[in-house]
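Structure first, then comments.
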Amino acid sequence: MPSIDISVSQHILDTASLLEGSTATLSLVSVPAVHAAIINLVWLHTPEFHIDEALSIYVKEILLETEYVCSGQMVRFQYYGKERLCMVDQITPIDPIQINSDPHQIIPFRLVRSTRVRFEQAKSTVETRVGKVEYSTIGGLGEQISTVRSLVELTLCNPEHISCLGFRPPRGILLFGPPGTGKTLLARAVAYETSAHVITVNGSEIMSRFHGEAETRLHHIFQEANEKSPSIIFLDEIDALCPKRDEGATEVHQRIVAALLTLMDGINTYSSKTTQHHRLVVIGATNRPNAIDDALRRPGRFDHEIEIGIPSEIHRFEILQALLKKVPNSLNDMDLRTISANAHGYVGADLAAICREAGLKAIQRIEAESLNAGVVQTDDEMHLLDLQITLEDMRLGMSMVQPSAMREVTLEVPKVKWTDIGGQEDVKQRLREAVEWPLKHPEAFLKFNISPPKGILLYGPPGCSKTLMAKALATEAGLNFLAVKGPELFSKWVGESEKAVQEIFRKARAASPSIIFFDEIDALAVRRGGDDASVADRVLSQLLNELDGIEPLINVTIVAATNRPDILDTALLRPGRIDSILYVSPPDADSREQIFRIQTNRMACSDDVDLKKLAELTEGLSGAETMAVCQEAALHAMEEDLHALCVFQRHFIDAIKRITPRITPRMLEFYDNFRQRCGLRSV
């Protein structure tokens, strides 16, 4: 007996959020009858039989029994011994004037004998064609390709090899990692290389407002895959399709998860009729693996989870080679290695964007050269020109593409050089040894079997360029810079503060080599005490675990700054966590003279300005206060004459009188006592 789903009532109850067994009162309303001229039906799975006029007449007779149809209505009928499912996609009225202009109104159409029924292919929510993506066109994923290839080929091509041992072939593979790392590309390459029938399902697109429709679509997708095996079902963005059911998932999501669990459990089950296994594998892709329902991640469903992480320098080199293989360019291997070494945090999609931007720059360069020569080139002539991507084009392209790994945490760090900081040469040298040497001379560290420092603590009076040194260190070493202020990590929600610390280190590892700079770390790592564990204690414990926990901290350097080292927890200051503790003292006379020289080079100053004399007069001032003298002198000159041409020595003398030193002898004595108490040498 043919059946049909009347979706008008579903539209009426769509916003009522009714559960099964609930009751509702419906009111009968009158609507104008609109006669249908053409009804377009869409198959929700690809039919294996020929669609002819007889089928259209058969389905039309079924619809005439119901008398009315509307867009989105599901139509079920028996054909060739199986239940078939279609959806009413579009209805063309006989008289378009009768149609209301309101797009949200549900319009029922009445069928008449002159109504025609047409069939169309399924929509793009399910794709069955895969572009030509070969393994050789993917760079940097050699290990992952080998793993996925062996698992998929075992299931699709040789399932009997493992079934003869009494085991079942793998059913599912979950690819997870940040966006743009090549998860979808890898799945498409596997599908192309194995010549399997592929069904691509986008999790967000398969969702439906109609009760049971999404589950029905999944059922027909698996049915089609079984009928056309060997097959691959690729579930892209699976976290949108199957979120955790215990974290506020909607009823629709709960039903979809339950349906997918049942369907995956039915894969590769032994059939006494066919005496063979279904050659079907499910590949899921997500950048949020922890958001997927746990029941899907157990063995028997998604048997293997493969991480597609942010590429390393070697992998970035391989990706660039693959991207530029068929592109005209003048780059050699040394150029590609230089680019990959400087592309910290860039994923495959970012590198592809760099190559695309570089190509545009090359075209613009050729066009500019032609215009300067007074020659206008046509598109055909452009191909005959020496159109090649150069190293400079790649550098310009890189400057226009922000790395995905740092997109959420990148700060606009000022381009601070060591030469912008006056004095403190000993501290600068220690910072170079700790961060720059391991990157530029790793063979020396391997030769002597030593590890570079994990953490550096800069302590000293306020205004002595501790933060400025951290920025200069990141700039000079070419590292990604993550700045964290202690109070920003604290949250009123239990567990959120620890999660914030964990997330910072995760991003730093992904974007390595990198520097995590903890400004005012005394607000974050205060000495523990008392019986009750406070939020600060839990955050400190998480910080200590990240520094020397089970997961190694590779190519990530911690730089912390404080002016209260005495309240820091002693567990943080031990070797292996904070390896170097450097005292950043107030600048001496030579350092202050350098600061004045750096600042006055950017100002219009008179020839009578004596920098050595100014350095002598500013005894006891910090670096920030010394810079403030220059600003105050310029303001004083403007007070005398708003159109002043330069700043004179007298303006600096008056400015020094206005600045009150904030570093007291008692404060210096405090830092000296701390240094002696901890057994630190004066740097």
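Values for this structure:
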{"item": "Contour minus Cα-Cα distance for ASP426 and SER534 (0.36 nm per residue)", "result": "35.0 nm"}
{"item": "About the Cα centre, charge dipole magnitude for segment 444-598 (Lys/Arg +1, Asp/Glu -1 at Cβ), debye", "result": "340 debye"}
{"item": "Rg and Dmax [Cα atoms of segment 581-665; Å; Rg one decimal, Dmax integer]", "result": "13.0, 48"}
{"item": "Average Cα contact separation per residue, segment 597-683, under 8 Å, 6 or more apart, as relative contact order %", "result": "34 percent"}
{"item": "Label-point separation in nm, GLU83 to MET334, each point 7 Å along Cα→Cβ", "result": "7.0 nm"}
{"item": "Within straight-line cross-link reach of LYS492, lysines at Cα separation under 24 Å, skipping those fewer than 8 residues along the same chain", "result": "LYS507"}
{"item": "Exposure proxy order (Cβ contacts within 10 Å, fewest to most) of GLU193, GLU213", "result": "GLU193, GLU213"}
{"item": "Cβ-defined net charge surrounding PHE490, 15 Å radius [Lys, Arg +1; Asp, Glu -1]", "result": "-4"}
{"item": "Trypsin sites (Lys or Arg not before Pro) restricted to DSSP loop in segment 454-519 with at most 16 other C-beta within 10 Å", "result": "LYS492"}
{"item": "Calculated FRET efficiency for the pair TRP418/GLU134, C-beta based, R₀ 56 Å, to 0.05", "result": "0.70"}
{"item": "FRET efficiency estimate (nearest 0.05) - Cβ-Cβ, LYS326 to ARG597, R0 51 angstrom", "result": "0.45"}
{"item": "Contour minus Cα-Cα distance for ASN449 and LEU645 (0.36 nm per residue)", "result": "64.6 nm"}
{"item": "Distance between modelled label sites at THR664 and ILE57, nm, 7 Å Cα→Cβ extension", "result": "10.5 nm"}
{"item": "Approximate spin-label separation ILE107-THR92, in nm, with each point projected 7 Å along Cα-to-Cβ", "result": "1.4 nm"}
{"item": "Sorted by Cβ density within 10 Å, fewest first, the residues MET398, MET603", "result": "MET603, MET398"}
{"item": "Cβ-based exposure ranking for MET394, MET334, in which fewest neighbours within 10 Å come first", "result": "MET334, MET394"}
{"item": "Difference of contour (0.36 nm per residue) and Cα-Cα distance, ASN545 to GLN676", "result": "44.3 nm"}
{"item": "Net charge over other residues, Cβ less than 10 angstrom from the Cβ of ARG316 (K, R count +1; D, E count -1)", "result": "-2"}
{"item": "Cross-link partners of LYS82 among lysines (Cα-Cα below 17 Å; sequence separation of 8 or more within a chain)", "result": "LYS228"}
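Just so you know, all these numbers are worked out from the coordinates, no wet-lab data involved. If you're wondering where the values come from, they're calculated on a predicted model, not measured in any experiment. We place every Cβ from the backbone using ideal geometry, glycine too, and count neighbours over all the protein chains shown.
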